[in-house]
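The values are calculated or read from the model by the stated rules, or taken from the named source; none is laboratory data. Since the structure is predicted, the reported quantities are computational estimates derived from the model, not experimental observations. Cβ atoms come from the backbone with ideal geometry, glycine included; neighbour counts cover every protein chain shown.
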Amino acid sequence: MKKENIFALNTTIFITILIIFCSVLTQFLFGNSNTIFEFFLNIKKEFLENPQKFLNAFLVLLITSFCVYISLYFIGKKFFSKLDVYNQSLKDYNHYLAHELKTPISVIFSDLEVLKYGFDKKIIENSQNQLKNMINIIDVLLSFSESLNISERENINIENFLKSYINTYFSTQKQKIFIENKEFNLSVETNQILFRRIIRNLIENALKYSLDGEVFIKIQNQKIIFENSIKNTFSNQEIQKLFTKFYRLDKDKKGYGLGLSLIKEILKFLGFGFKIYSKQNKFFAEISLEK
């Protein structure tokens, strides 16, 4: 949230509380006043006759107003910080998709230029594949736009959700995906559209870069851990590079889903943690469901 907006919000809250404070104070001490002159006379009379009562009431209302202001400030700050994360995620996501759309469009354009001089079956097939990639990107964008109503959160059982999703979207590869559940009946309340998109991309990434084509998904200690084999263990420096926008492990393997940096931001927005690490020729992507 911009500084000027934060300042405006705080000023509005402060003025509102100040008006309430003054109204309550005057009503409490001088509720019987009929005119402004009588009002000020009552103030003077009350202060001279019972200054302690006047000061005590003033102090109580001042402390109460301050507590209300602090509470509203932090509630507002938390709310707008979540909106900031969401807006930044949406901005990054759209930028990412725009970047990805440029590649197939450029390829198709080049293919059409070649086709001016004669038909080639391979070129036509390549164009068709690029069009499929574009359809996939648009599908990703639509799924994200459907999740814009962030208040829609559902309670999902993690094991049932994973099994159902894999059977539906990875039916031809489910023989290569293994689920190990050490925490039965683990459920979370989240935006199912966003969560489903993240799970899909993590499984796709794991399958894409797995050395033996297998993916292991472990559910334990309120975490979902995606594990796949790799040729070489990554250094910490290489792990950090994976969170760079548009960075790919293998330039020959195209990606049309979410980048790890965006996955991390969306999970953060949903209230979950995310980290990646590598050891003993294995790669791990871990979602922490503990809030």
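Against the criterion of being modelled with pLDDT of 80 or more, touching a Phe, Trp or Tyr at 6+ places or on another chain (Cβ under 7 Å) and outside any helix (DSSP H, G or I), E180 qualifies.
Contact map, the stretch 224-236: residues that are in the same structural domain as R200 (by TED's automatic domain parsing) paired with residues that are assigned to a loop (DSSP other than H, G, I, E, B), Cβ distance under 6 Å, separation 6+ or inter-chain. Pairs shown: N228/S210; S229/S210; S229/L211; S229/D212; I230/L211; I230/N281; K231/L211; T233/N281. Taken over the stretch 154-177, the criterion of being part of a strand (DSSP E or B) and among the β-branched types (V, I, T) is satisfied by I156, I177.
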